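One structure is given here, and the rest of the page talks about it.
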Amino acid sequence: MIKTNWNDGWKFWPDKDAFALVWNIPEQARDITLPHDAMIEKPAYAGSPNMGNTGYRDGGNYTYVKHLTLTKEETLKKYILKFDGVYCHAMVYVNEQLAGSEANGYATFYVNLTPFLREGVNEIRVLVRNAGMTNSRWYSGSGIYRDVTLFTSDAVYLEPDAVYVSTEGVDEASATLSVKTTIINETLQAQTLSLRTKICSDAQEEVGAEATTFFLKAGEKKTLSQRILVKNPALWSEETPVLYAVATELLSGETVIDAACDRFGIRTLSLDAAHGLRVNGKSVKLRGACIHHDSGLLGAATYADAQKRQIRLLKEAGFNAVRISHHPAAPALLRACDELGMYVMDEFSDMWQRPKNDLDYALDFDKLWETDVSLMIKKDFNHPSVVLYSVGNEIPEIGTDAGSETCAKIAGLMKELDPTRYTTAGINGVFAAGDQMGRILADLSRDMQAAGEIDGNVNDFMTVMDTKMDQIVVHDAISERLEKACASLDVAGYNYMTARYEPDSVHYPNRVMVGSETYPPEIARNWAVISKLPCVIGDFTWTGWDYIGEAGVGIPAYAFGEGGFGAQFPCQLAYCGDLDLTGFRRPLSYYREIVFGLRKEPFIAVQDPAHYGQTLIKTPWVMSDAISSWDYPAFAGKPVVVEIYAPGEEAELFLNDTSLGRKPLEGFRALFELTYAPGTLKAVTYKDGICVGETTLSTPDCAGLTLTVDTEGEELIYLTAALADANGVVSTSADEELTAEVSGAKLLGFGSGDPKPSHNYNEGTTKTWNGRAQLILQKECAAPAEVTVKSASGKVATITI
């Protein structure tokens with residue numbers, strides 16, 4: 001079918017009254033171009049019923065309208081709309097008639113427009129229902145936030161996105177590909193047709209082909225299988241993300257009546273407890289990042305450039321895998337992972353039959369899960385980056401008899417639709433324990449009381465939970481639940497259950513495990529065990545990239561409400577990402593890169609001297625409040641703690657060329673106490689007494705305002721505004737309010753990584769966070785874009801792009 005991007009030319013308005021005898025387009029309707037997130041347009045506020053879950057932002061009910069004008073001859077064709085994602089409860093109408101719907105806000109779905117079309121102007125109306133609904137544990141966004149595509153063909157056609165390519169076998173000399181193609185005949189006549197399939201390299205050179213002649217009855221839908229040999233194949237992997245194209249033509253006689261083209265990669269997967277996960281026969285450890293779907297300052301709006309930038313920066317930080325949490329990935333994200341070489345665990349849902357919010361997907365699960373799983377597999381099949389399917393995240397009922405049966409049904413359907421990939425689930429042992437938690441805590445409390453660790457008072461429960469999580473997750477009661485939960489899965493996904501890796505490798509010698517969700521500060525402990533055990537295939541930290549919602553779980557705090565589990569407004573971000581909301585790497589990102597063995601150079605981070613000696617209220621997702629800065633003019637002569645991350649055995653710290661001594665590196669980390677003085681810190685690391693690395697961190701000179709291009713894509717441009725000196729050293733001690741003026745482009749977002757932002761991202765005003773802010777522009781024309789940023793103190797920076 002002919003594919004047309006259908007993002008342009010929509011009308012949009014908030015729908016304040018669902019009931020209308022006559023549908024019209026109100027005067028206040030805006031012209032918009034998709035993708036569009038309506039939720040991010042309104043500022044966060046303390047009274048939001050969603051509270052911190054969505055970053056104190058509300059959804060709404062919205063209407064989108066676009067017109068399709070057809071001649072009489074064109075009405076004889078087939079028209080199908082593909083929505084990559086609409087949040088949520090989308091209903092699609094054609095000329096006031098319901099043509100299709102999808103409740104799942106993350107499903108990629110298709111709507112057949114054809115039966116409702118007529119000659120002349122046709123109205124396509126999409127209603128979105130997300131008002132007053134506490135339906136998400138994180139920022140969801142609202143509206144048609146992903147791409148829309150129109151497919152057009154004659155009445156005999158290739159089903160959209162239904163050419164599936166898999167690798168049957170491969171060696172250095174050749175690869176055997178299986179290609180399955182679905183053809184539909186909606187005419188009243190039988191047809192004799194030909195299917196011609198070509199495999200082309202990235203250089204558009206034909207490397208394999210096959211032609212098949214077949215008979216298709218009137219009204220019949222048929223799937224044809226072809227086997228194609230490709231000589232000297234280039235295999236897809238994280239190191240070599242080589243892609244091929246499959247070009248398909250449907251012919252009647254010598255006339256091409258339909259065509260399709262898709263990209264795929266040639267690669268094989270295998271899995272066992274002795275070798276772990278193997279890609280093309282090579283064992284791979286997944287250095288993983290859990291990520292939510294928002295695009296930072298853009299909200300949920302899913303631009304291809306934003307997705308590609310995110311995956312590129314994650315890979316540059318040392319990750320080779322992402323877990324899409326906790327919903328099916330956007331097609332644009334999967335394309336980025338294919339192109340850049342990033343493995344993917346794609347996840348079906350955050351809930352099954354037990355809700356986690358008042359009005360979430362659990363209400364629709366029983367009637368929709370089979371359709372939505374099928375849509376997810378259809379979307380993912382040709383993406384070589386996808387290596388694991390997760391049936392769900394922290395499903396409370398997964399270890400019950402009925403829950404394990406549901407797990408088997410979902411995993412079974414996934415394997416039926418795609419036998420080439422492996423299934424897993426993100427299982428939290430505490431959640432799965434259910435009514436067995438009383439037994440577990442009673443056992444542990446009895447042991448602790450006998451040892452004098454607790455005295456039997458009402459605070460025992462929290463004491464046990466806080467101090468004995470490793471003992472909790474290895475309890476027999478959880479083992480019993482896991483046996484049921486994992487019975488139908490290829491890989492046991494453990495959320496926060498590192499303590500199970502070693503004993504389970506003995507007790508369940510054929511079980512393959514993955515750290516499907518882990519605490520960031522524990523990566524050194526986790527990776528040591530993972531590196532030792534072939535049956536544990538990787539680690540996915542929570543999270544690789546910061547996100548809107550679950551406000552405050554990663555914010556270091558020194559008073560109740562500032563951060564952590566008790567975080568209150570204006571906290572809007574989770575602030576637990578290795579990279580912040582804008583993609584700037586935080587200290588834990590460098591620590592992780594060192595633990596992975598990918599960085600030899602030390603890294604210096606400094607704890608906030610304003611809180612020296614105070615007790616840090618921190619959740620398990622927080623290591624400290626350190627940032628990489630030596631800019632604290634208000635604390636001259638005051639004590640400060642410096643952190644050094646590095647491989648090796650010892651670290652030596654210098655301040656202005658004076659040694660402050662050496663300390664052992666324990667878990668790749670050493671802490672030094674010193675008195676703050678401006679100048680230069682230098683960290684030198686040693687192994688066997690020999691210097692193996694060094695780095696410096698300096699105080700900035702007089703800082704001005706700089707404006708630089710971070711990333712320029714086909715549609716978006718990312719700029720960084722920084723309070724920096726002539727050497728590029730950023731001042732973090734005197735954040736300023738900035739305003740932006742843009743001509744020749746559209747300013748889509750202006751903000752920072754601040755977890756408590758004082759301005760909405762569409763206001764044209766923001767305050768720097770640790771000396772930095774970000775602008776995201778959308779290109780509008782071929783003429784240069786002019787950008788000027790001014791600070792409250794009178795600094796000005798201008799750039800022409």
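The values are calculated or read from the model by the stated rules, or taken from the named source; none is laboratory data. In this text, all values refer to a predicted model and were calculated from it rather than measured experimentally. Neighbour counts are summed over all protein chains in view; Cβ atoms, including those assigned to glycine, are modelled from backbone coordinates with ideal geometry. Ligands, DNA and RNA are stripped out before the accessible areas are found, and what is left, the full protein with its side chains, is counted by its heavy atoms. Shrake-Rupley method; radii C 1.70, N 1.55, O 1.52, S 1.80 Å.
Quick look at the numbers
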| quantity | calculated |
| --- | --- |
| Whole-Å semi-axes of the ellipsoid equivalent to region 583-716 (Cα gyration tensor, √5λ, descending) | 24, 21, 17 |
| Ratio Rg/Rh, restricted to region 174-314 and using Cα atoms, in which Rh is the Kirkwood radius | 1.08 |
| Accessible carbon and sulfur surface of the chain relative to its total accessible area, %, 1.4 Å | 51 percent |
| Unsatisfied cross-links (Cα-Cα over 21 Å) in the set Lys3/Lys198; Lys82/Lys315; Lys77/Lys221; Lys409/Lys484 | Lys82/Lys315 |
| Whichever aspartates and glutamates have a C-alpha closer than 16 Å to that of Lys779, once near sequence neighbours (fewer than 8 apart) are set aside | Asp8, Asp305, Asp710, Glu712, Glu714, Glu715, Glu741 |
| Å² of accessible area per residue within region 1-95, as computed with a 1.4 Å probe and no ligands counted | 49 Å² |
| Ser531 paired with Thr114, simple spin-label distance in nm, labels 7 Å along Cα-to-beta-carbon | 5.8 nm |
| Order by protection proxy (mean Cβ within 10 Å, highest first), peptides 495-508, 268-281 | 495-508, 268-281 |
| Farthest toward positive dipole pole in the chain [+1 Lys/Arg, -1 Asp/Glu at C-beta], among Leu441, Asn185, Ala245 | Asn185 |
| Estimated FRET transfer efficiency (Lys217, Ala20; beta-carbon r; R0 51 Å; 0.05) | 0.70 |
| Relative contact order for the chain, counting Cα pairs under 8 Å that sit 6 or more residues apart, in percent | 9 percent |
| Relative contact order %, region 236-336, counting alpha carbon pairs below 8 Å whose residues are six or more apart | 20 percent |
| Accessible area per residue in Å² at 1.4 Å probe, computed on region 674-763 | 43 Å² |
| For region 207-283: rounded, prolate or oblate by the Cα gyration tensor [a/c cutoff 1.5] | prolate |
| Under 15 Å from Lys356, Cα to Cα: aspartates and glutamates that are on another chain or at least 8 residues apart | Asp364, Glu394, Glu397, Glu550 |
| Cross-link pairs beyond the 28 Å C-alpha cut-off, checked among Lys468/Lys756; Lys42/Lys308; Lys468/Lys600; Lys231/Lys600 | Lys468/Lys756; Lys468/Lys600; Lys231/Lys600 |
| Rounded to the nearest 20 debye, dipole of the chain from Cβ charges on Lys, Arg, Asp, Glu | 700 debye |
| Mean accessible surface per residue for region 315-427, computed with a 1.4 Å probe while every protein chain stays in place, in Å² | 27 Å² |
| Mean-position separation - Cα centroids, region 32-67 and region 198-212, in angstrom | 45 Å |
| Estimated dipole of region 119-270 in Debye, rounded to 20 [Cβ of Lys and Arg +1, of Asp and Glu -1, Cα centre] | 580 debye |
| Dipole magnitude of region 527-667 about its Cα centre (Cβ charges: Lys, Arg +1; Asp, Glu -1), debye to nearest 20 | 180 debye |
| Mean-position separation - Cα centroids, region 663-708 and region 255-318, in angstrom | 35 Å |
| Positive dipole terminus of the chain, leading residue within Phe635, Val373, Pro43 (C-beta point charges) | Val373 |
| Listed peptides 9-19, 120-130 by packing density, highest first (mean Cβ within 10 Å) | 120-130, 9-19 |
| Alpha carbon convex hull of the chain, volume per residue in cubic angstrom | 187 Å³ |
| Whole-Å distance, taken between Cα centres, linking region 734-801 and region 326-355 | 31 Å |
| Cβ-derived FRET efficiency at R0 22 Å, Ala46 paired with Glu562, nearest 0.05 | 0.90 |
| Nearest-0.05 FRET efficiency for Lys77 and Asp202, computed from C-beta distance (R0 45 Å) | 0.90 |
| Long pairs among Lys11/Lys746; Lys16/Lys746; Lys78/Lys217, criterion Cα-Cα beyond 24 Å | Lys16/Lys746 |
| Beta bridges by DSSP in the chain, antiparallel share as percent, to the nearest 5 | 85 percent |
| Gain in span if fully extended, Ala487 to Thr187, counting 0.36 nm per residue against the direct Cα distance | 103.4 nm |
